[in-house]
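The values are calculated or read from the model by the stated rules, or taken from the named source; none is laboratory data. As the structure is a prediction and not an experimental result, all values here were calculated from the model. Cβ atoms come from the backbone with ideal geometry, glycine included; neighbour counts cover every protein chain shown.
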Amino acid sequence: MGTFFLICAAIGGTILVLQLGLTLLGLGGDLAGADAVDLPDLPDGDGGDGAVGHEGAGFSDLARKLTFQAVVSFLAFFGIGGLSARGSDWSPGLSLATATAVGLAATALLGYAFGGLRKLQGSGSLRLSNAVGEVGRVYLRVPGGEGGVGKVIVTVQGRSEELRAVTPGPELRAGEAVVVTRVVDDRTLEVVDQAAHVAKSASLAD
């Protein structure tokens, strides 16, 4: 089992260090968002409908935020915690439990740390109006008909930014290309499917 923990720590640690370096260079959003896992909606405890601007921390929001970054963070510290436990001659079962607890705790802390770095990079002179017309990519699924809020990654003023997004059109899945059509508020953009936007623009031109 020690070898298993070592492999987890080596793989997760290497990727995590690489991601941290990219984040500090302002490129981390692309890596984190490229592999976001888009899970189906699960009912919130309050039965809310996910209206625009709703900040409820329902289970569905947490589930849909499972990202490549979280998986890598867990893998790295799961391995480190397991190696430490085995080094103390703990039993395999206790070592596994310890590794899991360390991995989960470290994942939560690193999530806050990476989020803080992105907010710091995005603060200051960022103007969302400069994002209008830009092409981005869906990070977290955007419900159709402005039925909820998702997230997109868009380049604004030369920086890759992770921003809230709504769409008046059909649902947008993770990884789909979108075009920013307007600014909803100081944290939210309205986006539409890029292919549909191009087709509509072409028909209007004709």
Taking only pairs six or more apart or across chains, which ones have beta-carbon atoms under 9 Å, a first residue in the stretch 169-195 that is of a type in the set (Lys, Arg), and a second residue that is assigned to a strand (DSSP E or B) and buried (at least 16 other Cβ atoms within 10 Å of the Cβ)?
173/138; 173/142; 182/189; 182/190; 187/163; 187/164
So which helices (runs of 4 or more DSSP H) are wholly in the stretch 22-139 and hold at least 3 residues that are at pLDDT 85 or above?
68-87, 92-122
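Report yes if residue 171 is surrounded by fewer than 18 Cβ atoms within 10 Å (Cβ to Cβ) and in contact with a Pro (Cβ under 8 Å, 6 or more places away or on another chain), otherwise no.
Values: surrounded by fewer than 18 Cβ atoms within 10 Å (Cβ to Cβ): yes; in contact with a Pro (Cβ under 8 Å, 6 or more places away or on another chain): yes.
So residue 171 passes the test.
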